[in-house]
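The values are calculated or read from the model by the stated rules, or taken from the named source; none is laboratory data. No experiment lies behind these values; they were computed from the predicted model shown. With ideal geometry, Cβ positions are generated from the backbone for all residues, glycine too; neighbour counts draw on all protein chains shown.
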Amino acid sequence: MGATSHKTLVLACGALAKEILVLQKQVGADFDLQCLPASYHNFPNKIVPGLEKELAGIYDNYDEILIGYGDCGTGGGMDRFLKRYPKARRLPGAHCYAFFAGLENFDAMMEEELGSFFLTDYLVRHFQTLIVKGFGIDRYPNLKEMYFEHYKRLIYLVQDPELGLTLQAREVADFLELEYEERQVGYGLMAGAIDSVEKGEGLTHVL
């Protein structure tokens, strides 16, 4: 990739692409967007190598870079990796559930019930592909009990209620035999990060 007229890059999980584009349009933010495969949700060990590969050729083209991931199961590997890239900042929290819900709200939900399984709009739409097929439950149904035996409830964190995904989310809860809850959280801390790009405040303003 050659020189760019944009000063900011958002390098994100593919599962966040739709939401990032919605926020970009809402605030009129000017940045480049690149995404890693959403399937890395199931393979956290692929995230840091994937980011490193992408940044290797484009890092010098940007003044600042927003990494559209939390820790996302890397066990601190994300933050260790980002120490080598001082212009890059990741989203706050352990994963997308936390920065969509808000860190304090997410912690409160986990304290209330540690066995909580979370869905976002993306995961509701792609549950069959990402979870059922991705984990092999379609081929080996007994895996469902093994993967989800410690969960008690499912919480659907709604970004866009106009998508009308409640019925699908309830069907997922029924399939997993979990109690269903729904929280209208919007775009959470990600909205502030994208807004800061538009205002030119720098990512450190919100991260």
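Below is a table of values for the structure above.
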| item | result |
| --- | --- |
| Strands (runs of 3 or more DSSP E) contained in segment 1-76 and holding at least 3 residues in contact (Cβ under 8 Å) with a residue 40 or more places away in the chain and either surrounded by 15 or more Cβ atoms within 10 Å (Cβ to Cβ) or touching a helix residue (DSSP H, G or I) at 6+ places or on another chain (Cβ under 8 Å) (or both) | 8-13, 64-68 |
| Segment 161-178, residues that are out of contact with any helix residue (DSSP H, G or I) (no Cβ under 7 Å at 6 or more places or on another chain) and of a type outside the set (Lys, Arg) | Pro161, Glu162, Gly164, Thr166, Leu167, Glu171, Ala173, Asp174, Phe175, Glu177, Leu178 |
| Sole residue being under 15 Å from Ala12 (Cβ atoms) and among the acidic types (Asp, Glu), chosen from Glu112, Glu64 | Glu64 |
| Among (1) in the same structural domain as Arg153 (by TED's automatic domain parsing); (2) over 21 Å from Asn42 (Cβ atoms); (3) crowded, with 18+ Cβ neighbours inside 10 Å; (4) not hydrophobic (A, V, I, L, M, F, W, C), the one test that Arg89 misses | (1) |
| Segment 110-158, residues that are closer than 19 Å to Ala94 by Cβ and assigned to a strand (DSSP E or B) | Ser116, Phe117, Phe118, Leu119, Arg153, Leu154, Ile155, Tyr156, Leu157 |
| Some residue of segment 186-196 being buried (at least 20 other Cβ atoms within 10 Å of the Cβ), of a type in the set (S, T, N, Q) and closer than 27 Å to Leu66 by Cα | yes |
| Residue tally, condition free of Cβ contacts under 8 Å to residues at least 40 places away in the same chain, closer than 17 Å to Leu119 by Cβ and more than 9 Å from the chain's Cα centre (by Cα), over segment 81-97 | 1 |
